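The next block holds one structure in the form of structure tokens; read it before the comments.
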Amino acid sequence: MMARLLAADGHEVVIFEADHEIGGLCRSRIVDGYTFDLAGGHILFTKDERVSRFWDELFADEPAHVTERKTRILHDTDHWVSYPFENALGELPLEHNIACTEGVLRAHIERQNGAAEPRDFASWIRWKMGAGIAKHFMDPYNEKIWKADLATMGTSWIAGRVPDAPLEDVLRASLGSTTEGYTHQSVFRYPKHGGFADMHERIARPIAHKIVTGHRVQNIERAEGEGWLVDGERFDKVVSTIPLHVLPQVMAGMDDDAAGAARELHYRGVASYLIGLDHDEIPDYSWVYLPHEKMGPTNRITYLSNYSPHNAPEGKSSIMAEVTYAGTPPAIDKAGQRELARSLARAGVLDEGAVTVTDGAINPVAYILYDLEFEAKRSRVVSWCDSQPGFHAVGRFGRYEYHNSDQCLGRAMDLAQTMAADLAAGR
């Protein structure tokens, strides 16, 4: 995005892409007529007017498909509970509803009596939501997705990521009046053809001749005088999306403290599984969370064929399942794909006999893990990067900032504007 904006402003740009195709976590693949996003069900929604206008221009020839967000939590085979969980307590079995509501009230009273906000995520869940919601959703889901002891995780990432329902809404929900949460995502857009990858493919078109694929950068160093050398080639400025934990490997001149902190940043991978079904009789949901271990390894399924009518052949449908991991990735070969589909069938999500197509993809660096020392470590690395004239670290892992796609575009717009001003001023 930055390269496109800077090139449009008259600057010479070169993009080195380590993979043999662009897109990173936003790539898509078409298998036997089914379109598969390789790293989660990305969507187009934003509160940034600049990004919204850009999308309108980007898809002017074929406006994106508009969908009403419908998300659920698979509590058990008889209860598909609305999301956020605390906004829909009345949809739970009565005993679970009572336990969750009691926990919310006790937590509220304790906070009113001065209970301090905890530093670790496990304690924060109980401090904010109570023991009932911790037991029936927050603990199992977060342990499943993060593959970590929640007591070792921090809380800096919670704002904007964990819904914060007012007490009145939770109580109304407990009495049977499900309330709305995450209203800024209530309607979203998605490309009609080509999956989410159509977005970055459109962005790249004006500068496609400037993209060098299959080039994994090996060395970044300061040039004599001013500028930078990237694998021996001189540039005035460098924008790096290289994951910060990898940066010490390619920047030999990196400060020892910053390099040490970078190596201690942690992340999680995600395996994505495409499942094509030979019918279109699926729920009209956008995505569904599967919090409990008994539901198999999947933490979320996305009904991709509901995102766009062109994501599956006519009369058919598709599901994309995500499995996060730490260390060794799960199997995505045909045997692994069959077993994953079988686990979803056992969970009551699909009919195994209706599965006609399966595929899989591994994304080794997909989610930032916010451990208790994360902010201190990240600050040391980012402060060093920002102190290097003409060097800019940006992106989810290039800066270790968890951003949705719209926020990534917004950050790129901001940085492109700053860089253009610096270049115009000879800085």
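No value in this document is a laboratory result; all are computed from the given coordinates. Note that this is a predicted model, so its numbers are computed, not measured. We place every Cβ from the backbone using ideal geometry, glycine too, and count neighbours over all the protein chains shown.
List of remarks:
- Relative to the longest principal axis of the Cα atoms of the chain, the long axis of helix 49-58 lies at roughly 80 degrees.
- Residue by residue, segment 162-169 carries 3J(HN,Hα) couplings of 10, x, 10, 7, x, 4, 4, 5 Hz when phi is fed to the Karplus relation 6.51 cos²θ - 1.76 cosθ + 1.60 (θ = phi - 60°); x denotes Gly or Pro.
- Structure remark: mean-square fluctuation, Gaussian network model of the chain, C-alpha springs under 10 Å; the largest value among ILE133, ILE98, ILE301 belongs to ILE98.
- Helix-only [θ]222 nm of the chain, DSSP H runs n ≥ 4, -39500 (n - 2.57) each, per residue, nearest 500: -9000 deg cm²/dmol
- Residue of ALA262, ALA116, ALA271 that the Gaussian network model of the chain assigns the largest fluctuation, springs spanning Cα pairs under 10 Å: ALA116
- Listed residue (ALA345, GLY194, ASN299) projecting farthest to the positive dipole end of the chain, Cβ model: ASN299
- Proximal charge balance of ALA354 [Cβ under 13 Å; K/R count +1, D/E count -1]: -3
- For TYR267, net neighbour charge (Lys/Arg +1, Asp/Glu -1) across residues whose Cβ lies under 14 Å away: +4
- Positive-pole candidate from PRO163, ILE125, LEU150, dipole of segment 86-181, charges at beta carbon: LEU150
- Working note: Karplus 6.51/-1.76/1.60 with θ = phi - 60° gives segment 218-223 the couplings 9, 8, 10, 8, 5, 7 Hz, where Gly and Pro are set to x.
- Residues whose amide H lies under 5 Å from that of GLY360, counting only those 5 or more places away or on a different chain, are LEU274; hydrogens are built 1.01 Å from N in the peptide plane.
- Cα-centred dipole magnitude for the chain, charges only on beta-carbon of K, R (+1) and D, E (-1), debye, nearest 20: 280
- Amide H to amide H, with H built 1.01 Å from N, LYS70 comes under 5 Å of SER286, TRP287, counting only residues 5 or more places away or on other chains.
- Order of THR358, THR298 under a 10 Å beta carbon neighbour criterion, fewest first: THR358, THR298
- Proxy reagent accessibility, fewest Cβ within 10 Å first, across GLU221, GLU281, GLU401: GLU281, GLU221, GLU401
- Against the set (i) 21.7; (ii) 22.7; (iii) 23.3, the structure's computed Kirkwood radius over Cα pairs in Å falls on (iii).
- Candidates ALA258, ALA361, ALA151, ranked by Gaussian network fluctuation over the chain, Cα under 10 Å, top entry: ALA151
- Rounded to 10°, Cα long-axis angle of helix 334-346 versus longest principal axis of the chain: 30
- Centre-to-centre, using Cα atoms only, segment 306-385 and segment 247-303 are separated by 6 Å.
- Footprinting exposure proxy for CYS100, CYS385 (fewest neighbouring C-beta atoms within 10 Å first): CYS385, CYS100
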